[in-house]
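Below is one structure; the comments refer to it alone.
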Amino acid sequence: MNITAYQLASRATAVYPNINSNMVYPTLGLMGEFGELAEKLKKGIRDDEGRITESKRIDIIKEAGDVFWYIAAIASEAKIELEEQDFAHLEFKVDRCDIFHMLFHMHISVNEIVKLSLEKMEAGFKSLMKHNLHGLIEELRRFLLRLDIRMSDVLEGNITKLLDRKNRNVLGGSGDNR
């Protein structure tokens with residue numbers, strides 16, 4: 001599954017107030033889910049001497065899927081169609097960093113997206129937001145690759161989980177294991 005197909009599929013699982021005119025909800029969600037992704041790595045440092053165990057790897061896959069969902073929701077709210085991008089020609093500093101530094105760089109991108117969401121009436125909003133969302137997607141893709149996780153597997157797993165929740169009428173609520 002690519003990010004374009006994922007955005008379309010994820011929209012069918014979107015349940016929140018004022019959908020299609022609510023940039024705040026998915027922006028707060030991105031902040032929260034990104035924090036949960038960071039927590040999984042933090043616990044790896046605390047509990048597993050900095051190693052990413054198979055259990056933590058599975059947790060990271062789940063949290064990364066949730067991060068992608070909020071990226072897609074922000075794009076949809078901003079009327080931006082996410083597209084597959086070829087970033088091979090760009091030189092990302094994170095290529096030479098370990099996964100913790102990569103996470104820090106993604107945090108900077110998340111902060112920029114939050115800032116743009118708050119200032120959405122500014123001129124050039126849509127192009128800046130699109131640029132930042134695609135940049136975060138690429139940073140997250142490279143982060144996952146460092147852990148031998150394919151982005152397409154994360155996207156497919158997340159949509160499968162969300163569609164199952166939708167079919168069981170448990171999209172709302174809290175908890176990873178609904």
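Yes or no, residue by residue, for (1) surrounded by 17 or more Cβ atoms within 10 Å (Cβ to Cβ); (2) under 20 Å from Pro26 (Cα atoms); (3) in contact with an Asp or Glu (Cβ under 9 Å, 6 or more places away or on another chain):
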site: Asn111; (1), (2), (3): no, yes, no
site: Leu118; (1), (2), (3): no, yes, no
site: Met129; (1), (2), (3): yes, yes, no
site: Asn132; (1), (2), (3): yes, yes, yes
site: Gly135; (1), (2), (3): yes, yes, yes
site: Leu144; (1), (2), (3): yes, no, yes
site: Asp148; (1), (2), (3): no, no, no
site: Val154; (1), (2), (3): yes, yes, no
site: Ile159; (1), (2), (3): yes, yes, no
Residues being touching a Ser or Thr at 6+ places or on another chain (Cβ under 8 Å) and β-branched (Val, Ile, Thr): count how many of those fall in segment 59-83.
-> 1
Taking Glu33, is it buried (at least 19 other Cβ atoms within 10 Å of the Cβ) and in contact with a Lys or Arg (Cβ under 7 Å, 6 or more places away or on another chain)?
-> no
Residue tally, condition of a type outside the set (A, V, I, L, M, F, W, C), in a loop (DSSP other than H, G, I, E, B) and in contact (Cβ under 8 Å) with a residue 40 or more places away in the chain, over segment 160-178 = 2
Does segment 35-46 contain at least one residue that is within 30 Å of Phe125 (Cβ to Cβ), modelled with pLDDT of 85 or more and in a loop (DSSP other than H, G, I, E, B)?
-> no
Counted residues in segment 6-27 being in a helix (DSSP H, G or I) and farther than 15 Å from Ala72 by Cβ come to 1
Given Ser152, Ser117, which one is among the small types (Gly, Ala, Ser), over 13 Å from the mean Cα position of the chain (by Cα) and at negative phi?
-> Ser117
Matching residues, segment 39-76, being without any contact (Cβ under 8 Å) to a residue 60 or more places away in the chain and either touching a Pro at 6+ places or on another chain (Cβ under 6 Å) or of a type in the set (Lys, Arg) (or both) = Lys40, Lys42, Lys43, Arg46, Arg51, Lys56, Tyr70, Ile74
Does Ile60 count as out of contact with any Phe, Trp or Tyr (no Cβ under 6 Å at 6 or more places or on another chain) and at pLDDT below 95?
-> yes
What's the number of the condition Ala73 fails, among (1) at pLDDT below 95; (2) under 13 Å from Ser117 (Cα atoms); (3) touching a helix residue (DSSP H, G or I) at 6+ places or on another chain (Cβ under 6 Å)?
-> (1)
Test Lys120 against the criterion of being charged (D, E, K, R), at pLDDT 90 or above and part of a loop (DSSP other than H, G, I, E, B), and give yes or no.
-> no
Mind listing just one residue for me: the one in segment 77-100 that is surrounded by 12 or more Cβ atoms within 10 Å (Cβ to Cβ) and in a helix (DSSP H, G or I) and, of those, modelled with the highest pLDDT?
-> Glu77
Is it the case that some residue within segment 140-159 is polar (S, T, N, Q) and touching a residue at least 40 places away in the same chain (Cβ under 8 Å)?
-> yes
If you scan segment 21-40, which residues turn out to be aliphatic (A, V, I, L, M) and over 11 Å from His107 (Cα atoms)?
-> Met23, Val24, Leu28
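The values are calculated or read from the model by the stated rules, or taken from the named source; none is laboratory data. Quick caveat, the model's predicted, so the values are computed rather than measured. Glycine also receives a Cβ, built like all others from the backbone with ideal geometry; neighbour counts cover every protein chain displayed.
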